[in-house]
Structure formats: structure tokens, C-alpha cells
């Protein structure tokens, strides 16, 4: 099974990492109350409000990049060769995804 067998020129993939976002998700990962308070405090400082974090996603929807696969961390475009260091990772992801949806 090859990822290329399932690829198409019609589908564009955008990998987007907004960085830290001020949501409950980060604090819900911990049971320890002290850790929850600390994480909440840190995300108040470094995290973006949700509306600010989704702005780039809305931009990509309105003006999608031309490449079939692009990756961004916040507003910075990343080099795909550096994002996907091991081509076998995409094969594994495809296999696991297909197993999950069976």
C-alpha cells in the first residue's frame, strides 16, 4: 500500500499548528490541581485567544496555498522536507487511518 496510490491532485492538505491556544483542553490533560493552575497561568501568558488562533485557518480557506501539501506554524510556512523527516510516517498514518475507518 502506497500513499501515492491514494493521492490526488484535487485534494490539498494544509497542516496548521496555531501554537498555544487559550482553551480548557490543556488543563484537562492533568488531574493534579496545582498543574492545572500552572498550565492555565502559562497559557494565559503565551496562548492565543481562540478567535485569534483561527484567523489563519480562515485565511487558508479563502486563499488556499497552491501546493498539494503545505505546513504552517502560526503564520510561518514550514519546509515540508523538515516537517516530514521520515517518509514511512505517511505510510504508517495511512495504514492506521484505513484500519480505524474499517
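Derivation of every value follows stated rules applied to the coordinates shown; laboratory data play no part. As the structure is a computational prediction, the values presented were derived from the model and not from experiment. No Cβ is skipped: glycine too gets one built from the backbone with ideal geometry, and neighbour counts run over all protein chains shown.
Estimated at 0.36 nm per residue, the fully extended path between residue 12 and residue 82 surpasses their Cα-Cα distance by 23.3 nm. Between residue 58 and residue 95, the modelled label-to-label distance comes to 4.2 nm, taking each label 7 Å out from Cα in the direction of the beta carbon.
Just to confirm the number: angle between the C-alpha axis of helix 50-62 and the first principal axis of the chain, 0 to 90 degrees, nearest 10? Relative to the chain, helix 50-62 is tipped by roughly 20 degrees. Pairs of Cα atoms nearer than 8 Å and 6+ residues apart set the relative contact order; for the chain it is 37 percent. The alpha carbon centroids of the stretch 60-82 and the stretch 36-50 are separated by 26 Å.
Principal-axis analysis of the Cα atoms of the chain puts helix 33-46 at an angle of about 70° to the longest axis.
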